[in-house]
1. Determine the pairs where a residue that is touching a residue at least 60 places away in the same chain (Cβ under 8 Å), located within segment 326-345, has a partner that is assigned to a helix (DSSP H, G or I) and charged (D, E, K, R) with Cβ atoms under 8 Å apart, the partner being 6 or more residues away or on another chain.
2. Is it the case, given these coordinates, that GLY272 is surrounded by fewer than 21 Cβ atoms within 10 Å (Cβ to Cβ) and under 25 Å from VAL97 (Cα atoms)?
3. Out of segment 134-175, which residues are acidic (Asp, Glu), assigned to a helix (DSSP H, G or I) and more than 16 Å from the chain's Cα centre (by Cα)?
4. Being surrounded by fewer than 12 Cβ atoms within 10 Å (Cβ to Cβ) and farther than 28 Å from GLY323 by Cβ is the filter here; which residues of segment 136-164 pass it?
5. Looking for something in a helix (DSSP H, G or I) and either outside the structural domain of SER194 (by TED's automatic domain parsing) or over 25 Å from ASN99 (Cβ atoms) (or both) - is there at least one such residue anywhere in segment 223-245?
6. Considering only segment 223-231, I want to know if a residue exists there that is at pLDDT 95 or above and within 16 Å of the chain's Cα centre (by Cα).
Amino acid sequence: MDNEYIEVLEALLQENEKLNNQVAQLTATNNEICKTISELANHVFGLETDNINNKLELKRLINRVENMPYEVRDHRADSNYAIPKIMAEEATIDEIVNNRKSIARFGDGEFGLMFGNARWRFQGNNELLAKRLREVVTSKDNNIIIGLNNFYGDLSHRTPKDADGIRTYITPTVRAEHMSLLDTERVYGHACISRNTDWEHVKMQRRLWDNKECVFIEGEETRMGVGNDLFNNAASIERILCPSENAFDVYDDILAEALKLSKSKTILIALGPTASVLAYDLAKAGYHAIDIGHADLSYEWLVRNNGEKTAVATKYNNEYEGGYQVENIVDHDYEAQIIARVTGR
C-alpha cells in the first residue's frame, strides 16, 4: 500500500477515535442530565408545601439544574458557558517555588467584598478594600499569580456535600459577578494550595516554605504552626501579628511594617481578604509573598478529624461555629518569633 494512503488511513483512524470520544462524552452528559431531571421531577411530584425538608431538597435540585450546563458542558458551547482556565494545584505550586512567583488568592469572601456582600465577620464591607481587590484580580503582572477556586465547571472532584454547597453559592447572579472581573483567555492559579485535604497535599504544600527563612504575617489569634509540625521544614520563622478582625482598617501600618523586611525572606500571609492585597503590594515591591490562607487550620482539621472541620480552641477559626472565641496560650517559642505587632486603632 502506498505511503500516502497509509498516512490518510492513520489520520482517519485518529479522527474516528476523536469522534468516538466526543460521542462518549455527550452520552455521559445526556445521561447525567436525564438522571437529574428525573430526580427533580420525582421530588417535585412528592412535595408538600409545608414540609421544610422538601423545600430544602427542591432548592438543592434547582441549584444543581441551574449549574449543570457548566459542570457537564459540551466544549463546543464554550462561548455560551465560558469558565476560567485554572491550573492544577501542583502546577501552581511549581510556579511559586521554581519561578519565585507570588500569589494572591480569591474566593467567595473576596468576591463578596468586591460587590458589597461581606460573607465573614472578620472583615466587613470596605469601599477601599473592594477597590484594591478589583485592582489585584484584574492585574496582569506576570510575577503575580491570581489564584481562584476551581468551582466554575466540573464538580466531580468534590464530595457531594461540597458540590451542593458550591451550587448553593454560585447562583447565576454570583457567577455573572465573578465573570465580569475574570478573563476567560487567562490562565489562573489554583487558590486551594492553601488547603490540606490529604497527606499528599501536605507533602506538596510544604514545598512552599521548605528550607526558607519565613515571615508569617497573620492575625493575632491565627498562630500558624503553633502546636503542630506543619512548618517544621522551614529554615526559620518570624511573625508580624495583626488584628484578627478588620485588618484592612490598619492596612497602611501593616504594609509599612512588612516593607522593613529583607527581600530574601519568604512571606506567608494569613489575613483574610487583606492578604490578597498585601501579597500583591509586596510582590510589586520585589518580595516573594504567598497568600497562604487556611493552610494551618486545614492541617489541624486533617490531623484532628480526618479533614472534617472541627473546633481548634486556641486558633481563630472562621469556618467553625463559635471559632472567633479563642483561648489564650502560653508558648515561649511562639512569643520569641514575634518581631512586630500592628494593633487596631
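The values are calculated or read from the model by the stated rules, or taken from the named source; none is laboratory data. Bear in mind the structure is a predicted one, so any value in this text is a computation, not a measurement. Glycine gets a Cβ as well: all are built from the backbone with ideal geometry, and neighbour counts include every protein chain shown.
1. As it stands, the answer is ALA340/GLU257; VAL342/ASP253; VAL342/GLU257; GLY344/ASP249; ARG345/ASP249, since those pairs meet every condition given.
2. no
3. GLU135, ASP164
4. Those that are surrounded by fewer than 12 Cβ atoms within 10 Å (Cβ to Cβ) and farther than 28 Å from GLY323 by Cβ: LYS140, ASN142, SER156.
5. no
6. no
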